[in-house]
Structure formats: C-alpha cells, structure tokens
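Trainee: Have a look at this one before I ask anything.
The values are calculated or read from the model by the stated rules, or taken from the named source; none is laboratory data. All values derive from a computational prediction rather than experimental measurement. Neighbour counts run over all protein chains shown; Cβ positions are idealised from the backbone, glycine included.
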C-alpha cells in the first residue's frame, strides 16, 4: 500500500526509521455491476468524492476496493479511480487483485511481483461505500473543488440555479473584490459553453482514456473558435503506443494539440485559460487558481473536472457541454503494448548499481535550509494571517506552477507563501520576527509570566479553519517555518499529512474550538503560550495561552493539540526534524 507523505516523513525512511501512524479506520468500497458505455473512471471517482468529502466519512481512513464489480474494470479504469481517492481526504487506498492485475504486471515485465490480495472471509470494516457501477452517469465537478460534483444531465436540467449557487461559493474563495467572476455568462442559448478542454496527467492521460477520446471525436473537426483541446499522454511509452495505433494522429487531425507527458495542467503550468475562462479537465484537482490564474493580479479563471470521454464529446460539439452518453460510438478493444525502450534508452536505473564516484552537481539555485531554534520556554506568536474559508488547500498555502523553479531554494520559495490567498502575509511574517513587540505587549507578558529572565521565543502564527487539503506538499508547512512560523491554529486539519508536515518542521499544530466569526484575535495581535516547552514535553493536550492586543490588554485563549507521539514531541522540542537527524 502506498501513502502520500511529505518530504520530512520520507527523510525518516531514508534514515532507516519506521513509519508510525495510529491504526487507521478501514472503509470498504464495494463495487457491483459494470460501467455503462461512455462512463469513465473519472465519473466513478467524482461520484464517490461528491458523496464522502464534505461529511468526512473517509478522512484519514484506508479505502479497500472490493466486490464483484472489480472484474469488470480494466487496470487503466481502476487506476483512474484510485488516483482520485486523495480528493476524498482518505489516508490511502488499495484494491483486490485478480488475473487482470497479473496480466498487467506481466505486460510490464513484473509478473513475478503479482500477489493475490482479497479480504479475509468475515472481514469487518469501519464503514462501507456501495457503488453500483451501472448506475453511475457522466459527472462534472464544478469549480472550485472535486467534491462539487453533479451528473452532467442534472446540471443541464438546472443550469442557471446550480451555476448561481456555485458562483456564490466561488466568490468566497476569490479575495480580490475587483474580479468579475461569472459562470452564468457561459450560458449560450440555454446551454453551457466552455472555453477549453484538457485530458492530462496521471488521472486523464492513460492509454484507454485517450483512445476513447479519439474514438468519440473521430474525424470531426473541433472547430476554429475559442474552444481548444489539449491532450497530454501520461508517459512516453503511452505516447509511443498511441502514436503507433494512430489515435494521436486522429486527434491531431481533428485539431487537438498533443503535448508531452507533464503534470502542468494539474498545477497551473501550461494551458492557463484566458481571463474569465472556463476549462473542463480530466485531471486531479480544480482548486482555486489551480489552473494558473492569479486573482491577486486581477486574473481569474475556473476549472471543472470531467472524464475524458465527455470532454471529447464536448469538443465534438464545439465546446457545448455534452455527456459522452449522447455519442453513438463503437469503442474498440484497447490493446496496449508496452515498450520499455523510452526508459531503457534514456533513464538511468541505479537500483543495485550505485555509482558513488559520480558527483552531484549543485546549481546556484540549490541552497541549504536556514537554522531553526529549539522550542523556547514560553512562546510568543504574532498573528500574521487569518483565513476564514471553510477549507484551505496546500496549493493556497504555497502555490505550485510559478514556484517550481525554486523548490530547492527554501529562502526564495518562501516568498510565495500564501501569495494567492493573502499577498501581504510574507512581509507581515518577516516583520513579526524582525521587530520587537510594543512595550505594552512586553509589559503584559511580564505580568502573565512573572517577568521571565528570558523573553519568550518570538515567531508568527496563521489561523485557518481547515488547512492542508490536497497534496502532501511539505512546502506548505516548511515555507511558513522559513519565515519564522511557530504554529498553525485551526478548527481542524484537513489531512494527517499536513499536520505531520507542521510537526516535522517544528511547528505546533494547535486547534481552537472557537467559531471563526467569534475569534478573540485578529491580524496584528499577539498570542502568548505559557510554559510551551514544558507542556509539549509532558504530553499535555491543553495549553495556557493569552491573546495580547497591542495596547497590552489580554484575554485567555483555549488552545489544544491532539495527542503527540513521543517522537513528535521530540521533534517539536528540538525545533524540527532536521535538528535531530543532523546529529
């Protein structure tokens, strides 16, 4: 079983540590039936995400895909569903294996790796999701989350009402009041007209998805107006196979743009829609600005998620939203031949063949991490950002796309922190540790702590209702730490991964039960955590804290931390995982 994790957790494994987590709940995803022709893996995935994300049914749990319906799914289909399970906020997912799995592994030269996986007779689960594959219909996840999912036909039947509700939700996520954001303006003669289609990445760029799209479009030109279609095969061998079977040639003839394997459309690099544009994509996420637009600079666009089949049907219909079920298409058997030459002729495989004499080359944009101090006796944090969105994604905490060239330069990368959500955050965070607190605040600290011989450790803190949704990107935490971040305060954390990343970078993952509309602190206030080091060392879950205004007035603040393991407490006390492991 594979689990997405941040870099800190992976570094532990390289240093021969175990991976220790509380035993997760396990939810059965029981599949029956067979998909209707034209319904793809993204449709099944979006139906599941729409059912379980908002109620937290599978949060930090493991999904086990079982049931007789599995035998009716190819490996491409199974992987297309599986790669989307992250969007449910589960910890991981795993599938029963069968002869289809064995043939797929053998095709890739890994037949010896096959093992039969199935639940024991009489296995118990912590919950179950029942999916009748034959009842799933083509889906669309409207902006700005994969869980905002509707059957395409339901959307078309209630177009104005549903788009109006979506606009209202989206405007809460766009902080720039100057931006004009409208989905209803995309309604053309009673139908939704989109500007762009993309089939890409680990979710959409599979052999079968692209082959199905080619069958649907056929020889029909996709038009010379605004609508455009880009297709990214997910690997070089898949691109090679699609070239040899003629599918890419067919798509190119119809007017589609074929691009090399690249994660770009999933994180906003490449194919950025025009300002105000609506893009339909078979990719993993449609978070705010995930398509590459910058609301802070006045540009905004939107992404809806769909399956490659309905994206192709929409392309065939000139950009008018169209379900693949409307197309009378003969889908051929997908005979995929894997050729490993693109790997063997280009990629160095170091497994079992180390070459220590080969030196690593460090360019000028690869820099060391700054030093981080161990946790002090008392902790003083200046509030530098308050985010009241229901959920804050890792992409909003540290955007992807334009930051990729700085990912090995922690100092430069940190300057992008919260840039799409709170552009003033970076400077406020830098000022928080550079400038001493006002005298009135210092006087209040002396009164609350009994005039400490050493002033409290100074840092910054952000508040977000539910931060960390999405990928395991560790920079969402480490960039805060580079800027002097000491902690996060949240009502809850969206994923275990983000909370783990905070801990590994020496940041305290506080929770606070106060409603976001009634918070006793605001940007510019200070929060004093008394005896922070002693409380962490003792394994306390409740912390004595105070909000201190700049005039010196103070009120108590109830902060908590869910139980930490002994290792986690040690990391926070040391200041970060790096401080421990360098020894």
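Trainee: Tally the residues that are free of Cβ contacts under 8 Å to residues at least 60 places away in the same chain and either in contact with a helix residue (DSSP H, G or I) (Cβ under 7 Å, 6 or more places away or on another chain) or under 18 Å from residue 167 (Cα atoms) (or both), restricting the search to the range 272-287.
Mentor: Selection size over the range 272-287: 1.
Trainee: Just name the residue that is surrounded by the most Cβ atoms within 10 Å (Cβ to Cβ) out of those in the range 416-449 that are in contact with a strand residue (DSSP E or B) (Cβ under 7 Å, 6 or more places away or on another chain) and in a loop (DSSP other than H, G, I, E, B).
Mentor: Here the answer is 418.
Trainee: Continuing with the same structure: Would you confirm, using the coordinates I've provided, whether residue 276 is at positive phi, at pLDDT below 90 and not assigned by TED's automatic domain parsing to the domain that holds residue 403?
Mentor: yes
Trainee: Follow-up question, since we're still on this one. Within the range 397-414, is there a residue that is outside the structural domain of residue 174 (by TED's automatic domain parsing), under 19 Å from the mean Cα position of the chain (by Cα) and within 24 Å of residue 519 (Cα to Cα)?
Mentor: Taking every residue of the range 397-414 in turn, at least one turns out to be outside the structural domain of residue 174 (by TED's automatic domain parsing), under 19 Å from the mean Cα position of the chain (by Cα) and within 24 Å of residue 519 (Cα to Cα).
Trainee: Specify which of the listed residues (233, 265, 237) is part of a loop (DSSP other than H, G, I, E, B), in contact with a helix residue (DSSP H, G or I) (Cβ under 8 Å, 6 or more places away or on another chain) and either crowded, with 23+ Cβ neighbours inside 10 Å or touching a residue at least 60 places away in the same chain (Cβ under 8 Å) (or both).
Mentor: The unique qualifying residue is 233.
Trainee: Among the residues of the range 189-196, is any at pLDDT below 95, farther than 14 Å from residue 304 by Cβ and buried (at least 16 other Cβ atoms within 10 Å of the Cβ)?
Mentor: Scanning the range 189-196 turns up no residue that is at pLDDT below 95, farther than 14 Å from residue 304 by Cβ and buried (at least 16 other Cβ atoms within 10 Å of the Cβ).
Trainee: Could you list, in sequence order, the residues of the range 6-21 that are assigned to a loop (DSSP other than H, G, I, E, B), surrounded by fewer than 20 Cβ atoms within 10 Å (Cβ to Cβ) and in contact with a helix residue (DSSP H, G or I) (Cβ under 9 Å, 6 or more places away or on another chain)?
Mentor: Selection gives 15, 17, 18, 19, 20, 21.
Trainee: Would you confirm whether or not the range 400-415 contains a residue that is modelled with pLDDT of 85 or more, surrounded by fewer than 12 Cβ atoms within 10 Å (Cβ to Cβ) and outside any helix (DSSP H, G or I)?
Mentor: no
Trainee: Whether any residue in the range 293-301 is outside the structural domain of residue 395 (by TED's automatic domain parsing), closer than 22 Å to residue 144 by Cβ, at pLDDT 85 or above and in contact with a strand residue (DSSP E or B) (Cβ under 7 Å, 6 or more places away or on another chain) is what I want to check.
Mentor: Scanning the range 293-301 turns up at least one residue that is outside the structural domain of residue 395 (by TED's automatic domain parsing), closer than 22 Å to residue 144 by Cβ, at pLDDT 85 or above and in contact with a strand residue (DSSP E or B) (Cβ under 7 Å, 6 or more places away or on another chain).
Trainee: Go through the range 450-466 and give me each residue that's at negative phi and in a loop (DSSP other than H, G, I, E, B).
Mentor: 452, 453, 454, 455, 456, 465, 466
Trainee: Something else now. Among the numbered conditions (1) assigned to a helix (DSSP H, G or I); (2) within 19 Å of the chain's Cα centre (by Cα); (3) surrounded by fewer than 21 Cβ atoms within 10 Å (Cβ to Cβ), tell me where residue 106 comes up short.
Mentor: Answer for residue 106: the failing condition is (2).
Trainee: Which residue, of 498, 526, is at pLDDT 95 or above and closer than 26 Å to residue 411 by Cα?
Mentor: Going through 498, 526 in turn, the sole match is 526.
Trainee: Output the number of residues of the range 304-320 satisfying the condition of being assigned to a helix (DSSP H, G or I) and within 28 Å of the chain's Cα centre (by Cα).
Mentor: 8
Trainee: Checking residue 298 against (1) surrounded by fewer than 18 Cβ atoms within 10 Å (Cβ to Cβ); (2) over 27 Å from residue 185 (Cβ atoms): exactly one of these is not met. Which one?
Mentor: Every listed condition holds for residue 298 apart from (2).
Trainee: Here is a further query. Can you name every residue in the range 341-380 that is at pLDDT below 85 and touching a helix residue (DSSP H, G or I) at 6+ places or on another chain (Cβ under 9 Å)?
Mentor: Residue satisfying the conditions is 349 alone.
Trainee: Every residue in the range 310-320 that is surrounded by 24 or more Cβ atoms within 10 Å (Cβ to Cβ), in contact with a strand residue (DSSP E or B) (Cβ under 9 Å, 6 or more places away or on another chain) and at negative phi, please.
Mentor: Across the range 310-320, the qualifying residues are 310, 311, 312, 314, 315.
Here's the yes/no breakdown for (1) under 30 Å from residue 192 (Cβ atoms); (2) within 28 Å of the chain's Cα centre (by Cα); (3) not assigned by TED's automatic domain parsing to the domain that holds residue 280:
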{"position": "60", "(1), (2), (3)": "no, yes, yes"}
{"position": "76", "(1), (2), (3)": "yes, yes, yes"}
{"position": "86", "(1), (2), (3)": "yes, yes, yes"}
{"position": "95", "(1), (2), (3)": "no, yes, yes"}
{"position": "115", "(1), (2), (3)": "no, no, yes"}
{"position": "121", "(1), (2), (3)": "no, no, yes"}
{"position": "128", "(1), (2), (3)": "no, yes, yes"}
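Trainee: Among the strands (runs of 3 or more DSSP E) contained in the range 467-566, which hold 2 or more residues that are under 17 Å from residue 425 (Cβ atoms) and touching a residue at least 60 places away in the same chain (Cβ under 8 Å)?
Mentor: 467-469, 485-490, 526-529
Trainee: If you don't mind, another one. Looking at the range 201-230, which of its residues are at positive phi and crowded, with 21+ Cβ neighbours inside 10 Å?
Mentor: 201
Trainee: If you take just the helices (runs of 4 or more DSSP H) that sit entirely in the range 158-229, which of them hold at least 3 residues that are farther than 25 Å from residue 396 by Cβ?
Mentor: Output list reads 159-171, 207-217.
Trainee: Also, quick follow-up: Do we have residue 458 as assigned by TED's automatic domain parsing to the domain that holds residue 390, over 26 Å from residue 288 (Cβ atoms), in contact with a helix residue (DSSP H, G or I) (Cβ under 7 Å, 6 or more places away or on another chain) and surrounded by fewer than 21 Cβ atoms within 10 Å (Cβ to Cβ) here?
Mentor: So residue 458 passes the test.
Trainee: When residues of the range 26-65 are filtered for being part of a strand (DSSP E or B) and more than 29 Å from residue 468 (Cα to Cα), how many remain?
Mentor: 2
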